[in-house]
Structures are given as C-alpha cells and as structure tokens.
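K.L.:
Just dropping this structure here.
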Amino acid sequence: MNRLITTLFCALSFVHLGFSQQPKPEEIIRKMEERMRGETAQMELSMTIVRPRFTREISMRSWAKGEDYSLILITGPARDRGTAFLKRYKEIWNYLPTVDRMIKLPPSMMGQSWMGSDFSNDDLVRESSTINDFNHRILRSEKIDGLDCWVIESIPKPESSIVFSKIILWISKENFYHLRSENFDERGERVSTVVLSDIKTLGNRSMPTRMEMTPDDKPGHKTILVYTKAVFDEALTDDFFSVQNLKSIR
C-alpha cells in the first residue's frame, strides 16, 4: 500500500535549495519519497478493484515509519475485516482473522496479487527500496498535466528480488510529485502503468490522492487507490510494528 502507503512533505524545489546543476536521480527520488512518507504516516484509504464483470471495494488503514516499518489493516468489507499485513525490515507477515493464523510471506510471494488487486505484495508493502535496490538515470524532461517532470529509469540491482526489469518514473520538478510509473518485464515489454492524480492537501501536506494501476495484458482490469485522511510525523514506536500487534490492531 504499500507502497502505497505514505507520509509526505514540506519539500522545497531544488532551485530553492540552491541546486544550480541538474540533481542526481537518487536525490529526486529521495525528495519524492519524503513527500509521500515523511518520518511517519497514518492513512485511511479505499481500494476499488475493477473487472469486466464486477467491481469490488476494500477500505483500510495504514501506518508507516520510515522505509523499514509498515502495517496495513483491512476495515471493510465485513468478510475481510481484521486482515492485516506487517513489514519489519525484510520480513512480511499476514494475519488472517477467519482462521486466526499468522503467515510469514516468503520472497517468492512478493510478485503475487495483493488482496486480488492489480497491485503486488511488494507494491503495497514495499519490501524493496526505491532508492537502494535500483540503479537510476535521468532520461529526459516531459510534461504531465502541465507539470514539468523528470523522467527517470530505474533498473533493479542484480542482488535484488524485484520482478520488473525496469521502472520508468515521472516526478514533477517543482514539488516532487510522483505522477506516473511504467513497469517492464524481463523482455523489456511494458506490463503495467500507474497514474497518480487529484493533488490535494491531506494533513499538512500536498500530495496526489488518487493512484490508478492498469495492467497492459488484461483489458477491463484496473485498481484504484484513493487516500481520504492522513496524519504525518506523529510519533510511532518500533514496537507498534510488532507481530503481536498485527493480531490485535483495530
């Protein structure tokens, strides 16, 4: 969510920070992630899964602290309520209340669908690091919705467990909004696109509040995340992100 799952930013532009030359792509991505995550983030959001024959909506709450900790609690519908996901460093845990069972997810499951959506477990819980697990380079500048953006190519490092061969990111130059991503498979073919839009102020930060994932090979399929509430930089202890709390969080 996780990706998906965020606090944001009082980030200034590179011009205001005194950069006279084009910044490094790692600096751009770091500023974008500071805007979307901050020190801590507590969010309320909905996820709509669209299929040719049905539409399904899931509501949830999420908590995140830095890059190492995140927790997602499903609050609706009733049949899924209480299902929870926890990331602690490289460990991913899932609690299933219907069978009162705790499961540790192996790395092989990171590329699988999350809650039946078009997002993967890694997309939502973010086992990988956008900065540290990729090599980055700036390809060009391009406008999206009138905003001038850096277009950055991110290629996974050989030791990472990332399922994509590369990711292309569009990040606005003025406020470091993440506005678009394109994901590519090992053959170099695009497999999915993520578009972020509807910039609003949540908590004390401005951010895209709508994220739409569309797979290229599945006509009529898409998943939409909408952030509705947010609290940023409120203290959360490391103990909050414990396996014990995963079962009791409400």
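Only the coordinates and a few stated rules stand behind these numbers; no lab work does. Remember, it's a predicted structure, so these values are computed and weren't measured experimentally.
K.L.:
GNM on the chain, C-alpha springs below 10 Å: top fluctuator among ILE103, ILE224, ILE131?
P.N.:
ILE103
K.L.:
What is the Cα centroid distance between segment 187-220 and segment 20-52, reported in whole angstrom?
P.N.:
Rounded to whole Å, the Cα centres lie 11 Å apart.
K.L.:
For Cα extents along the principal axes in Å, one of [x] 73, 43, 29; [y] 64, 39, 35; [z] 56, 42, 35 was computed from the structure I shared and the rest are decoys. Which label?
P.N.:
Here Cα extents along the principal axes in Å agrees with entry [z].
K.L.:
What relative contact order, as a whole-number percentage, does segment 14-248 give when Cα pairs under 8 Å and 6 or more residues apart are counted? Mind showing how you got there, number by number?
P.N.:
Working: 504 pairs, mean separation 48.7, N = 235.
Here the relative contact order equals 21 percent.
K.L.:
Need one number for segment 82-161: average projected area of the convex hull over its C-alpha atoms, nm².
P.N.:
Values: hull surface 29.5 nm².
Average of the hull's projected areas for segment 82-161 equals 7.4 nm².
K.L.:
Under a GNM of the chain (C-alpha, springs under 10 Å), which listed residue has the highest mean-square fluctuation: GLU33, GLU189, GLU44?
P.N.:
Highest fluctuation of the listed residues: GLU189.
K.L.:
Sequence gap of 8 or more, or different chains, plus Cα separation below 26 Å: how many lysine pairs satisfy both in segment 95-181? Provide the component values of the computation, followed by the final result.
P.N.:
Details: LYS104/LYS157; LYS143/LYS166; LYS143/LYS173; LYS157/LYS166; LYS157/LYS173.
Taking segment 95-181 as the scope, the lysine pair count is 5.
K.L.:
Same structure again: Based on DSSP H runs of at least 4 residues, each adding -39500 (n - 2.57), what is the mean residue ellipticity at 222 nm of the chain after dividing by all its residues, to the nearest 500 deg cm²/dmol?
P.N.:
Details: 4 runs with 28 residues, N = 250.
When only DSSP H runs of four or more count, the value is -3000 deg cm²/dmol.
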